[in-house]
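To start, the structure itself, in structure tokens.
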Amino acid sequence: MAGMTQTLAEAPTLPMTEAAYLPGVAYDEMFTAEGDVRTHYDPLHARMSTLGAEELAGRQRTLERSFLLQGITFTVYGAENTTERIIPTDLFPRIIPAAEWARIEAGLTQRLRALNLFLDDIYGDQQILMDGVVPRELVLGAPSYRREMQHLYVPHKAYANVCGSDLIRCQDGQFAVLEDNLRVPSGVSYMLANRDAAKRTFPGTYRAAGVRPVERYPDLLLATLKSMTADWRSNPQVVVLTPGVYNSAYYEHAYLARLMGVPLVEGRDLVVHENMVYMRTTTGLRRVDVIYRRVDDDFIDPLTFRRDSSLGAAGLFNAYRAGNVVICNAPGTGVADDKAVYAYVPDIIRYYLGEDAILPNIETFLCREPRQLQHVLANLDKLVVKAVGASGGYGMLVGPHASQAEREAFAEAIKADPENYIAQPTIQLSTAPCLVDGRIEPRHVDLRPFILSGEKTIVTPGALTRVALKRGSLVVNSSQGGGSKDTWVLADDQGPANGSARP
Amino acid sequence: MMLARVADSLYWLGRYIERAEHLSRLSSVMLNATLDQTDAGAHAVWIAMAAVGEPGDGAGVASFEAARTLVLDRQDQNSVVSSLARARENARQVRDQITTETWERLNLLYLKVTDPRAGKEFSDSSSTFLHDVIADLHLFKGAADTTMSHGESWRFMMLGIYMERAQLVSRLLEVCFADSPRHGRLDDHVALVSVLRMACALEPYLRVYTAEIEPRHILEFLVFDEDFPRSIRFATAQIEQHLTALTRSVSAGERAGPERLAGRLKARLQYADVDELKAVGAGPLLTTVVNECASIHEAIYETFVAYPLEMRLPA
């Protein structure tokens, strides 16, 4: 990889702080290894330079206050009482040039197309398993595999209607896919809220930069959901299904329902009668045609899946099988974002599309393979190990940052259940400038773009950039103290198309 | 058409908003009345506490502590802060139904009363604190009125507001004018003015009756006035109006419920003989209003929220 042996030039200085900005060995979004500002960051850098520390702190407070007031919060369960907190939101946008975005867009479209074909296949004739491209037991033995989905027709073969893949930029400046989220990915409301905030914070810079808008997401989502019904032009009743007000992503569920103009329902609002789904309204029962569910597979229908769940509706899955209601994303999509299946995605793309993956994977070791297991156990101090079934930054070991005792304990867990673990080399995520305690400092970031797939596949020109707010940390999950920032995708790398830039 | 659960939340959102405003006003008037060293001050405290269902023995009530509990005690289910927390919890449940402008007013107020510094602010200047809470609630209602579509969502919320108001005003008047007031007859000028203030009615009353403050006129005004938004008659007319609009879409079979009850109550107040109303002896009428409101509440539930499913399944 080029750039691996990068030596630090003199640290670039941002005039508004006394302290210099000191990027580490990772790729920095704003500065080159030589300390020059990357061209697409010029307008923002110029603007940052005119603002004093106090001005920045004031804007940061205004921003946080605005999030709190709007109720853009997630719920934290404490010993004493339950509180709502905002996800820390950084003032400075992260900027992606048009040419880079074009590659990301093509890569993600290709990836989701292949994954949807994969889902269609494994819930159909299972050709890919018979051809031995992906191990049969890996797919059929995965907890997220839903036998109930066998031979079920899904329009446009669009199993994952909403996908949020996590990308990272490696030391050589190239983007790679870290993981796919095909179940109920969240964060899109933060993308939209961050954009609103950034427009208010840096209006002149925003206009001058020529940024592609993200605000059409809700109506594109609605169109995608409607396209999943056979006769979607006859105005089907769409609803958003939420686990309820105590779910940590509740804000997002309510936000999407409000912006799509559709009811936000809970399981207790739904009734299934003779394989039709209804919601209880003030004027009686009303037919439901499409459910954008933000409830995990396990909890959709206590008759089919978990019996102890009251979040879904009894009989919902049968109504779905009967073709009387659409569930988005389709149940069982989780098997395609399984951390072990991930290792095979480049092969999956080649198998169905006859193309090489545009966006590379991170090198992944499967502990289920004895030789790879030996390698993992011998190199725990260099690797990141993840439990296949876990998410949200739980059940993982960051080898270089763990103690000897932690590594030993994890080694035992891996040996006891090797099928449940994968490992990847520790990747230096790229860094971007963030305002931390009144100073501008580099922090590691990743990128979660959102892809819609129905009759058409659309990549929203923007993303949620997640930030690891602890110095040096590589963990960006909000449940692990991460924050977020707005992501500007430039319309044209030559500057705004319509006339000269104004300050 | 809206979800039954959502209608329920909007209705309670309205009720808790109105309750919070009423409690804030009672506390404010009570604290103000005790600034002057008169017997009437104690009387006002007794009325306020009785109106919220905690009459005490009337003697030596520590009004400041009582008010503090009434406003800021989160353990107390009936305090201002509890009411606002419940209003907000309901608003969060129906966040997709109310406008951002409306939500922000309520959320701001919630953050203010639950802030760790709220206790000190209340101690330092309780009248400013309460004044601001009431003003913020007016802003909430103003935002709802001017930004929400006056459709089903808004109507359920208004229904909650007027249901709560009719009951709270009836309860206040019952305490003051029922047959055998425990605290003796209410005839002191200062105490009577406090009652008008508790109903937010002093200025509008003066414009109708001038500064002649008489129990009979207060009753007349707060029960029968056609135009005053806190009179029982006005509130029941609103209840009836919102229910008429809401039941328009419910099939004919179910129409008899809450709308008919509200219409009957409205007519009773509309055609009552004002001259027959005496300051002593208003008890039965006020009790009737309280009971009728309870029946309307139940009928609202049966019609819109907790109806039996078998009745509504498609044939």
Subset tally (residues that are under 14 Å from A:L383 (Cβ atoms), touching a Lys or Arg at 6+ places or on another chain (Cβ under 7 Å) and of a type in the set (D, E)) for region A:395-442: 0
Single condition A:T50 does not satisfy, out of (1) among the polar types (S, T, N, Q); (2) closer than 23 Å to A:H444 by Cβ; (3) open to solvent by 40 Å² or more (accessible area, probe 1.4 Å): (2)
Hits in region A:310-321 - residues which are farther than 18 Å from A:Y159 by Cβ and open to solvent by 20 Å² or more (accessible area, probe 1.4 Å): A:S310, A:L311, A:A314, A:N318
Candidate set from region A:117-128 (those that are open to solvent by less than 10 Å² (accessible area, probe 1.4 Å) and part of a helix (DSSP H, G or I)); member that is farthest from A:F299 (Cα to Cα): A:I128
Residue under evaluation A:H273, criteria (1) away from every other protein chain (no Cβ under 13 Å); (2) touching a Gly at 6+ places or on another chain (Cβ under 9 Å); (3) of a type outside the set (A, V, I, L, M, F, W, C); (4) open to solvent by 10 Å² or more (accessible area, probe 1.4 Å), criterion not met: (1)
Tabulated pairs, region B:1-25, first within 13 Å of chain A (Cβ to nearest Cβ) and farther than 17 Å from A:Y278 by Cα, second open to solvent by 20 Å² or more (accessible area, probe 1.4 Å) and aliphatic (A, V, I, L, M), C-beta under 7 angstrom, 6+ apart or interchain: B:D8/B:V305
Residue within region A:288-309 that is touching a strand residue (DSSP E or B) at 6+ places or on another chain (Cβ under 7 Å), at pLDDT 95 or above and open to solvent by 20 Å² or more (accessible area, probe 1.4 Å) present: yes
Single match in A:L285, A:L256 (criterion: at pLDDT 95 or above and either within 14 Å of chain B (Cβ to nearest Cβ) or crowded, with 23+ Cβ neighbours inside 10 Å (or both)): A:L256
Residue within region A:236-247 that is touching a Leu at 6+ places or on another chain (Cβ under 9 Å), in contact (Cβ under 8 Å) with a residue 60 or more places away in the chain, among the hydrophobic types (A, V, I, L, M, F, W, C) and open to solvent by 30 Å² or more (accessible area, probe 1.4 Å) present: no
Check on A:T242, facing chain B (nearest Cβ under 8 Å) and hydroxyl-bearing (S, T, Y): no
Pairs, first at negative phi and within 11 Å of chain A (Cβ to nearest Cβ) in region B:294-312, second among the aliphatic types (A, V, I, L, M) and open to solvent by 20 Å² or more (accessible area, probe 1.4 Å), C-beta under 6 Å, six or more apart: B:R312/A:L285
Residue selected from region B:237-251 under the condition within 14 Å of chain A (Cβ to nearest Cβ) and touching a Leu at 6+ places or on another chain (Cβ under 9 Å), by the criterion surrounded by the fewest Cβ atoms within 10 Å (Cβ to Cβ): B:L246
Matching entry among B:A191, B:A135, B:A166, B:A91 (being more than 30 Å from B:T210 (Cα to Cα) and either assigned to a helix (DSSP H, G or I) or open to solvent by 10 Å² or more (accessible area, probe 1.4 Å) (or both)): B:A91
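Considering only region A:326-436, give the strands (runs of 3 or more DSSP E) lying wholly within it that have at least 3 residues that are touching a Leu at 6+ places or on another chain (Cβ under 6 Å), at pLDDT below 95 and surrounded by fewer than 21 Cβ atoms within 10 Å (Cβ to Cβ).
none
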Test for A:N235: is it over 30 Å from A:S66 (Cβ atoms), touching a strand residue (DSSP E or B) at 6+ places or on another chain (Cβ under 6 Å) and polar (S, T, N, Q): no
Considering residues of region A:450-461 that are open to solvent by less than 30 Å² (accessible area, probe 1.4 Å) and in contact with a helix residue (DSSP H, G or I) (Cβ under 6 Å, 6 or more places away or on another chain) only, the residue farthest from A:I168 (Cα to Cα): A:G454
Test: residue in region B:227-236 that is under 25 Å from B:L206 (Cα atoms), out of contact with any Leu (no Cβ under 7 Å at 6 or more places or on another chain) and either within 14 Å of chain A (Cβ to nearest Cβ) or in a helix (DSSP H, G or I) (or both): yes
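The values are calculated or read from the model by the stated rules, or taken from the named source; none is laboratory data. Note that the structure is a prediction, hence the values are computed from the model and not measured. When we count neighbours, we look across all protein chains shown, and the Cβ atoms used for this are built from the backbone with ideal geometry, even at glycine. The accessibility values were calculated without ligands, DNA or RNA, using every heavy atom of the protein model including side chains. Shrake-Rupley method; radii C 1.70, N 1.55, O 1.52, S 1.80 Å.
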